[in-house]
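Structure, as structure tokens:
Readers should treat all values here as calculations from the given coordinates under stated rules, not as data from a laboratory. Because the structure is predicted, anything quoted here is derived from the model rather than measured. Backbone-built Cβ (ideal geometry, glycine too); neighbour counts: all protein chains shown.
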Amino acid sequence: MKVLLRNSALFILLVMVSCGKKPLYTETHEFTSGKWSSGEMPVFEFEVNDSLTPFDLSFLLRINNEYDYQNIWILMHTDKPDGASSIDTVNLQLCDDRGRWLGKKSGAVYAYQAIFGRQHFFKPTGKYKIRMEHAVMEPNLRGVLDLSLIVEESGK
């Protein structure tokens, strides 16, 4: 079953990014036992060598029916090559007011892609590190399968 879930995550990720140019960076963090614990912070590191091209940054979150909430708050910690850092907050709405899941469904899995940086210029160039943590009061979020970061050239 775990292999099937991993393959479906890769398939969804490939379909979502295959329509445009090849992404600068794509990486997926799988959560053990489908649970995102409060101390677990997926880390995504990538190199940017072009400060003149705009990029879109998005993440893909996959959950199943065990997830108990309508939304998820995610804190993104970004470390830049020059030593500067920042924290951004994203609230991702996962279901409507009637409790219906809003994501793209594949079997018992729902996928949500959210752009958190549109036409972003990476200045300075160099190595970037983004760490993500959930900011939900529940320390262990059941039903969270994986989280992917996608950095691709903007469609303008």
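Computed from the Cβ-Cβ distance with R0 of 35 Å, the FRET efficiency linking residue 49 to residue 97 stands at 0.20. One decimal place: the segment residue 153-residue 30 gains 41.8 nm when fully extended, by the rule 0.36 nm per residue minus the C-alpha distance. Computing FRET efficiency as 1/(1 + (r/R0)^6) for residue 84 and residue 108, where r is the C-beta to C-beta distance and R0 is 41 Å, gives about 0.50. Note on residue 69/residue 118: beta-carbon distance plugged into 1/(1 + (r/R0)^6) with R0 of 22 Å gives a FRET efficiency of 0.25. Across the options 83, 119, 95, the greatest Cα extent toward the positive end of the charge dipole of the stretch 76-125 (unit charges at beta carbon of Lys, Arg, Asp, Glu) belongs to 95.
Taking the average, over residues, of other Cβ atoms within 10 Å as the packing measure, peptides 77-89, 123-135 rank 123-135, 77-89 from highest down.
Magnitude of the Cβ-charge dipole of the stretch 37-145, K/R +1 and D/E -1, about the Cα centre, nearest 20 debye? Could the numbers behind the result be given before it?
Numbers: 12 positive and 14 negative charges, 58 e Å.
Here the size comes out at about 280 debye.
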